[in-house]
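The values are calculated or read from the model by the stated rules, or taken from the named source; none is laboratory data. Remember, predicted model here, so these are calculated numbers, not experimental data. FYI the Cβ positions are ideal-geometry reconstructions off the backbone, even for glycines, and counts take in every protein chain you see. Keep in mind that these areas ignore ligands, DNA and RNA; they rest on the heavy atoms of the full protein, side chains included. Shrake-Rupley method; radii C 1.70, N 1.55, O 1.52, S 1.80 Å.
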Amino acid sequence: MKINQLKHLYINPLERCNLNCKICYTKKTKFVLSNQEILDFINRYQEIQELESVTFCGGEVFLLKDFPALINELTKKGVFVQIISNGTIDRLEEIEQSNMVNLIISIDGLEEYHDQNRGAGNFQKSITLLQKAQKLGFHFEIFSIVTKENLKQINDFEQELEKIFGKKIVVTYHPRKPMSYLQKHPISNIVGRVEGFNFLDKEEIKQLMSKRQTFPPKDLGCFQVSLMSDGQVYGCCEGIRPIGNIKSNSEEIITSLKNRLAAWDDKYYGHKCAGCVEKDFVCGFSSKKG
Ligand SMILES: C[S@@+](CC[C@H](N)C(=O)[O-])C[C@H]1O[C@@H](n2cnc3c(N)ncnc32)[C@H](O)[C@@H]1O
Ligand code: SF4
Ligand code: SF4
C-alpha cells in the first residue's frame, strides 16, 4: 500500500455554492461543518498519524465566513492547505501564509465555453483572482472538466493560460463524471445539462488519461481519508460506502481504509495500479453492474 496518502486529509465542509454550473454533479445539501468540528477531527487524526496537508473542497468554501481563520490556524501548525474553489469569491487578503496554500481553481476551458457552464463573467473573475494570487505568492493550479465540446480546445486553453500567467500552469483534467458514475453514486448524482456538454466516450477518456494529468489518475491511488459535510468519512473524495464518521476513532478509520485497499488487491492481484477503495465503483469505471 502507498502509505503516503495517510499524510493527507480531504475535507468538504459544505455543499452550498454561489454558482449553479450547468454540469455540476454535486447535490447542494444544507450540512455545514464548523471550524471546531474540523479542527477536533484533524487534532485527533494527528495524535496517531503524521499529517502534511489538508485539501478543502465543497460546494464553495469561500462562502464560509470563518474559512480563512481555519486556513490560518492550520498553516500556523505547519499543515499545508489546498483549496479547490471556483475562484469567484476573493478572500485572499485574509489568508496569512500564502506560501503554505495551494489554490486549485476550476477553469473549464476558454472563456466562452467556461462561462457557458459557470455563468457570464466568471472566467474573468477567476482569472483575475489567480493573477492576484500569483502576485501574493500563493501556489496555484487548475482543475478543468472535459466534455466532447472542450476536448478539442485543450491545446489552445493551455497556450492561453501560459500567455496569461507567463509560465506553464499545471492543469488536471476531470472527464465529466460518466452516467455510470452518476447512476451509482448515492449523493453526487446530478446529471445536469448535456446539450453543449456531452460526456466523453470510453476511448476519449482513455486517450485523455494517457496524454494528460487527470482525475482520477490512470494509475489510481486517489484514496485519502475524506470527511464530508454530513459527518460521514469515506476512503476517498468520491466514496460511496463510508469507512467511519467524524466521531470515529482515527485508528479504526485508517484500518478500514487499509482493508478496502486489501480488498482491491485481492480482486486485482498482479494489477500494477496504485488501487481504489471502492472496488465495485471505481468512479463509474468498474465493469460491475448495480
Ligand atoms: C464540486 S466542485 C467544488 C469546488 C468548487 N465549487 C469548484 O467548482 O471548484 C469540485 C470539482 O468538481 C468538478 N466538477 C464539477 N462537476 C463535475 C462533473 N460533472 N464532472 C467532473 N468534475 C466536475 C469541479 O470543476 C471542481 O473542480
Ligand atoms: S462545480 Fe463548483 S462552482 Fe460549480 S456549482 Fe458545482 S460546486 Fe458550485
Ligand atoms: S472511487 Fe476509486 S478511482 Fe474514484 S476517487 Fe475513489 S479511490 Fe479514486
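For this structure, a couple of remarks:
- Residues in the stretch 25-61 that are open to solvent by less than 10 Å² (accessible area, probe 1.4 Å), among the aromatic types (Phe, Trp, Tyr) and touching a Lys or Arg at 6+ places or on another chain (Cβ under 8 Å): none.
Residues checked against (1) of a type in the set (Asp, Glu); (2) within 15 Å of the chain's Cα centre (by Cα); (3) within 16 Å of ligand 3 (Cβ to nearest atom):
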| site | (1), (2), (3) |
| --- | --- |
| TYR10 | no, yes, yes |
| GLU15 | yes, yes, no |
| ILE23 | no, no, no |
| LYS30 | no, no, no |
| TYR45 | no, no, no |
| VAL54 | no, yes, no |
| CYS57 | no, yes, yes |
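- Some residue of the stretch 110-126 being within 16 Å of ligand 3 (Cβ to nearest atom) and open to solvent by 10 Å² or more (accessible area, probe 1.4 Å): no
- Residue match in the stretch 236-245 (condition: at pLDDT 95 or above, of a type outside the set (A, V, I, L, M) and either away from ligand 3 (no atom under 16 Å from the Cβ) or surrounded by fewer than 13 Cβ atoms within 10 Å (Cβ to Cβ) (or both)): yes
- Filtering ILE105, ILE83, ILE89 for residues that are open to solvent by 20 Å² or more (accessible area, probe 1.4 Å), outside any helix (DSSP H, G or I), in contact with a helix residue (DSSP H, G or I) (Cβ under 8 Å, 6 or more places away or on another chain) and of a type in the set (A, V, I, L, M) leaves a single hit, ILE89.
- Restricting VAL81, VAL146 to residues that are under 19 Å from ASN35 (Cβ atoms) and touching a residue at least 12 places away in the same chain (Cβ under 8 Å) narrows the list to VAL81.
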